[in-house]
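Q: The following block contains the structure, expressed as structure tokens.
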Amino acid sequence: MARASVSKTEGWGFETLHSCHLPVEMIKLNWIVTMSKTSPLDFMRQVRQEIGKVTWPTRKETMVTSIMVIILSVIAAIFFLAADGLISFIIGHILG
């Protein structure tokens, strides 16, 4: 009895790409990118530039989202407390 292939790409000409291998096309086209050496001072300048591009939340947005997280955490805690109590009650009556 013949066995069916488990590969979805068998016969379609796909080559396996392992994490440690680059595709042949990339090697042929010199797509290998080398990292440039950046001095620590240049790196810090670049970091400051990127931080300047960040849109930081306002104080009001931070307070509102923090309060929402606290309220939803309390609601979730109450829900799981009730669910745990109900399950304990049911199991207690079944087994006891």
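The values are calculated or read from the model by the stated rules, or taken from the named source; none is laboratory data. Values in this document were obtained by computation on a predicted structure and should not be read as measured data. Every residue, glycine among them, receives a Cβ derived from its backbone with ideal geometry; neighbour counts consider all protein chains shown.
Q: If you go through the range 37-49 one residue at a time, do you hit one that is among the aromatic types (Phe, Trp, Tyr) and either loosely packed, with under 10 Cβ neighbours inside 10 Å or at pLDDT 90 or above (or both)? Outline the logic, then answer.
A: Our first condition is that a residue be among the aromatic types (Phe, Trp, Tyr); within the range 37-49, this holds for 43.
Now restrict to residues that are either loosely packed, with under 10 Cβ neighbours inside 10 Å or at pLDDT 90 or above (or both): 43.
Yes, the conditions are met somewhere in the range 37-49.
Q: Please go through the range 55-96 and give me each residue that is aromatic (Phe, Trp, Tyr) and either touching a Lys or Arg at 6+ places or on another chain (Cβ under 7 Å) or at pLDDT 95 or above (or both), ordered by number.
A: Those that are aromatic (Phe, Trp, Tyr) and either touching a Lys or Arg at 6+ places or on another chain (Cβ under 7 Å) or at pLDDT 95 or above (or both): Phe79, Phe80, Phe89.
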